[in-house]
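J.: Okay, handing you the structure first.
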Amino acid sequence: MKKNSRKGQSIPLVEIWNTNAYIAGDIVPRLKAFKDYTVNYPLDFKNGEEWDKAIDKMIYAFELISECKPHSDDKQKDIKEGFELFCKYFFQLWD
């Protein structure tokens, strides 16, 4: 496995070429763990169940992104929705 030797970095090139998929793959298990352990939810939601559904949409979006392959229009919409939720609630991902 070749490594990027620029400026002393030792990140495998495959991780650089697919940075989006690599990062998405790292986000999925963290979102799943967050969902399992969180007890609070943003004020935009009526209850924890709605918040869980939003987190599920985020998880699904990042799972699709991490596949690193073309997706149907429906899956592209799911990716967009989940990613927008992630961006909107990024600073709410703490407990």
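J.: Would you mind giving the average projected area, over all directions, of the Cα convex hull of region 44-95 in nm² with one decimal?
T.: On the way: hull surface 15.6 nm².
If you wrap the Cα atoms of region 44-95 in a convex hull and average its projections, you get 3.9 nm².
J.: Residues in region 75-95, backbone N under 14 Å from the label point at Ala33 (7 Å along the Cα-to-beta-carbon vector): list them, ranges by number please.
T.: Within reach of a label on Ala33: 94-95.
J.: I've got another one for you. Can you tell me, using C-alpha contacts under 8 Å and at least 6 residues apart, the relative contact order of the chain as a whole percent?
T.: Values: 84 pairs, mean separation 26.5, N = 95.
RCO, the chain: 28 percent.
J.: Right, something else. Between Asn20 and Lys75, what is 0.36 nm times their sequence separation minus the Cα-Cα distance? Round to one decimal in nm.
T.: Numbers: separation 55, 0.36 × 55 = 19.80 nm, distance 1.65 nm.
Extra length available between Asn20 and Lys75 comes to 18.1 nm.
J.: Below 14 angstrom from the Cβ of Cys68, what's the summed charge of the other residues (Lys, Arg +1; Asp, Glu -1)? Don't skip to the answer; put the middle values down first.
T.: Numbers: positive: Lys69, Lys75; negative: Glu15, Asp26, Glu63, Glu67.
Neighbour charge sum, excluding Cys68 itself: -2.
J.: Separate question: Could you compute Rg(Cα) / (2.2 N^0.38 Å) for the chain, with N its residue count?
T.: Numbers: Rg = 15.7 Å, N = 95, 2.2 N^0.38 = 12.4 Å.
Normalised Rg, Cα atoms only: 1.27.
Throughout, read-outs are computed from the coordinates displayed, never taken from laboratory work. None of these values were measured; they are calculated from a predicted model. All Cβ positions, even for glycine, are placed from backbone atoms using ideal geometry, and neighbour counts span all protein chains on display.
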